Amino acid sequence: MRIAVASDAAPTAELEAALAALGVLCDPAESMAELPSIVALSGPYDLVLLRVGQALRNALPVIRDLRRRGMTLPIMVYSATSADAEEEEAVLHAGADDVIFHPFRLSVLHARMQALARRARGYTCAELVCGNVTLDQEQHAVMVDGIRVNLTAREFDFLETLMLHKGVLLTKERFMTRLYADSEAPDSKIVDVFVCKLRRKLTAAGAAEIIRTVWGRGYVVFEPTPAAIEAARKTRQTEAEPAPRGWVRRAPRFLAATA
């Protein structure tokens, strides 16, 4: 995920570092007031996270500004202290999608963020489906008709980015930002390598073609026809095996207060 973060008081460095360990790229704003401009000029983002130190009402102006500009991306408000019901209601009515209060489990915050981003893209659970390919965010696994496809961590992230934006053209620059946010990026031609490897592995497992190349621009995931799915199943090169339980990324249990 790539999110925009802003705070009305304390720095968000600790929160950003904790989320980065879970694969979340955070773009911080120096103030809440400049956040709408950052979202408009530096996006696209999967979510906006607002950290409020004292009063929830401090988040109201930026939330209203984002919604007035027609921005529909999810907005989550994280409060370092408890708040009364009226303030919480006001924030939600202004356009926020969720409010979370300290203390909380970082894994729960991450799960809520993923849920908001999925629903914004039309998905209702951790399983992203396209054709006969299923990507399980919770188990960090990819299956084709129940057959496990062995992907590297970066290949998984690449496919996840595509499937979360099904039907949306993604440029090579978008992938490079997503995959190499915390390290030195190689040549952008690595994106073509990822696509080639993914296509080969998915095809071997009997998946219909779901990644389309838009020459000179990027790649897009599309929904294959039923006929294409059936034809692909007949070319399967691997033996079926039970879908694995997989593994779940572990996160620190609690995030220290930064108020």
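The values are calculated or read from the model by the stated rules, or taken from the named source; none is laboratory data. Since this is a predicted model, take the numbers as computed values, not measurements. Neighbour counts run over all protein chains shown; Cβ positions are idealised from the backbone, glycine included. Just so you know, the surface numbers come from the protein's heavy atoms only, side chains and all, with ligands and any DNA or RNA stripped out. Shrake-Rupley method; radii C 1.70, N 1.55, O 1.52, S 1.80 Å.
So the values come out like this:
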| read-out | value |
| --- | --- |
| Spans of strands (runs of 3 or more DSSP E) in the stretch 103-222 with at least 3 residues surrounded by 14 or more Cβ atoms within 10 Å (Cβ to Cβ) and not acidic (Asp, Glu) | 127-130, 133-136, 141-144, 218-221 |
| Subset of the stretch 52-73 [of a type in the set (A, V, I, L, M) and open to solvent by 50 Å² or more (accessible area, probe 1.4 Å)] | none |
| Some residue of the stretch 2-17 being within 23 Å of Phe158 (Cα to Cα) and among the charged types (D, E, K, R) | yes |
| Subset of the stretch 1-18 [assigned to a helix (DSSP H, G or I) and farther than 15 Å from Val77 by Cα] | Ala13, Glu14, Ala17, Ala18 |
| Pro44 vs. criteria in contact (Cβ under 8 Å) with a residue 40 or more places away in the chain, under 26 Å from Gly122 (Cβ atoms) and not polar (S, T, N, Q) | yes |
| Yes/no for Val48 being in a strand (DSSP E or B) and open to solvent by less than 20 Å² (accessible area, probe 1.4 Å) | yes |
| Tabulated pairs, the stretch 1-18, first among the acidic types (Asp, Glu), second modelled with pLDDT under 85, C-beta under 7 angstrom, 6+ apart or interchain | Asp8/Gly53; Glu14/Ala256; Glu14/Thr258 |
| Number of positions in the stretch 1-39 that are polar (S, T, N, Q) and open to solvent by 20 Å² or more (accessible area, probe 1.4 Å) | 2 |
| Qualifying residue in the stretch 74-93 (condition: open to solvent by less than 40 Å² (accessible area, probe 1.4 Å), within 14 Å of Leu47 (Cα to Cα), of a type in the set (Asp, Glu) and without any contact (Cβ under 8 Å) to a residue 40 or more places away in the chain) | no |
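Each row is one residue, and each column tells you yes or no for (1) among the β-branched types (Val, Ile, Thr); (2) in the same structural domain as Met176 (by the TED database); (3) under 26 Å from Tyr123 (Cβ atoms).
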residue	(1), (2), (3)
Ser7	no, no, no
Asp27	no, no, yes
Arg57	no, no, no
Ile75	yes, no, yes
